[in-house]
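All remarks here apply to the structure that follows.
The values are calculated or read from the model by the stated rules, or taken from the named source; none is laboratory data. Keep in mind that this is a model prediction, so the values were computed, not measured. In this analysis, Cβ positions are derived from the backbone assuming ideal geometry, glycine residues included, and neighbour counts consider all displayed protein chains. Surface accessibility is based on the protein's heavy atoms, side chains included, excluding ligands, DNA and RNA. Shrake-Rupley method; radii C 1.70, N 1.55, O 1.52, S 1.80 Å.
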Amino acid sequence: MIQVEWFYWLMGLFFVAVGVLVARDRTNPRRTTSGAFWALVGLCFPYSSFVVTGAAPAWVLGLGLVVIAAIAGTGRLARSGSAAAAGAAGDVDGLEADRGGEGAGRATAPLRAAGTAVLASREALAARFGNRLFVPVLIIPVVTALCATVGKDVSVGGQPLLQSGSETVIGLAAAGIIAIPVGMWLFRQRTPALALTEGRRLTEDLGWALVLPQLLSVLGLVFATAGVGKAIGDTVSAVLPDGVLLPAVVLYCLGMAVFTVIMGNAFAAFPVLTAAIGYPVLVQAMGGNPPAVFAIGMLSGYCGTLCTPMAANFNVVPVALLELKSNYAVIKAQIPTAVPLLVANVVLMYVLAF
């Protein structure tokens, strides 16, 4: 059986490799701490497997996360200057970047030509390969969908080929691996180093925001376990006037948006605010329709997603990938949509859910 843990370990190996490359890159002004940051992120993946099985103490993992947060929080994580220059100059292979400009002559002629390509050359390569550029990208959703839909029915020797319940994640990881040799074949690349060097460049472009979704994913569970929802519910019950619907609806929708801004994820805010206001006040006390209340509540949370840098996947990563001048360019563009949409959600819940 193919275990999903294998792919998590592979991810960890990639981050360790990025850490080694960054630590060796003299163009990075903080190469020691930056390399340590990515290496620690990578080591957390395999070590977590042993924590889950009880074979290793959890406090070591917790200490590693504290060090990761300290490096990012104190500004000790920096982007390598060579990687930035590679992106600007069109070093599509990153070969020059990883070698710090030394030993360029050791590269094979085709790779050296690609590695030193300027923007005009990249455009020429794009014109040459045409729509074949999209083949490796399209492989990823196709393979993932196949594993998610028919993967659970594939068995070998009476045993399922893919770990039960993880077919989609395994398919996504396998699709990424399959896309690498397909891309090498299509574009006549003889070494898989391109995948590592470009992966390293993108990883450095994204920076600490890359690990933020993983950390935020557990925040809702931490809040619920700590009793934050009950504390908010007690406070709201003491403040809200009995039997008055509109303030309760406004408080629930606005609370979902604000908590999502804080947590960066509406799924993390939903259990806290629903346990505090949505279910006890709007459904039980005021007779609201549960599907309508909860669905519109989630939509209100998404309004907060549009307005927060904590939603790194949506609002920070695009800034890095598109190299926008302002770190808040995406958020500034989305706020004019988020505010009226939140007002509309309040109106819809007040009119349709009761």
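Take Leu138 and decide whether it is within 22 Å of Arg188 (Cα to Cα) and either of a type outside the set (Val, Ile, Thr) or modelled with pLDDT under 85 (or both). Criteria met by Leu138.
Beta carbons closer than 6 Å, at least 6 apart along the sequence or on distinct chains, pair a first residue in the range 194-206 that is within 20 Å of Ala72 (Cα to Cα) with a second that is of a type in the set (D, E, K, R) for Glu204/Arg79.
Filtered by the rule that a residue be assigned to a helix (DSSP H, G or I) and either basic (Lys, Arg) or open to solvent by 30 Å² or more (accessible area, probe 1.4 Å) (or both), the range 319-341 gives Leu321, Leu322, Ala329, Lys332, Ala333, Gln334, Ile335, Pro336, Thr337, Val339, Pro340, Leu341. Among (1) at pLDDT 90 or above; (2) more than 30 Å from Leu162 (Cβ to Cβ); (3) more than 21 Å from the chain's Cα centre (by Cα), which single condition is Ala56 missing? Ala56 satisfies all of (1) at pLDDT 90 or above; (2) more than 30 Å from Leu162 (Cβ to Cβ); (3) more than 21 Å from the chain's Cα centre (by Cα) except (2).
Identify all residues within the range 199-230 that are open to solvent by 30 Å² or more (accessible area, probe 1.4 Å), assigned to a helix (DSSP H, G or I), more than 25 Å from Leu322 (Cβ to Cβ) and not polar (S, T, N, Q); write none if there are none. Leu219, Leu221, Val222, Phe223, Ala224, Val228, Lys230 - these are the residues of the range 199-230 that are open to solvent by 30 Å² or more (accessible area, probe 1.4 Å), assigned to a helix (DSSP H, G or I), more than 25 Å from Leu322 (Cβ to Cβ) and not polar (S, T, N, Q). I need the full set of residues from the range 1-26 which are surrounded by fewer than 16 Cβ atoms within 10 Å (Cβ to Cβ) and part of a loop (DSSP other than H, G, I, E, B), in order please. Passing the criteria: Met1, Gln3, Arg26. The residue list Leu162, Leu146, Leu196, Leu186 contains one member that is in contact with a Gly (Cβ under 9 Å, 6 or more places away or on another chain) and open to solvent by less than 30 Å² (accessible area, probe 1.4 Å), which is Leu162.
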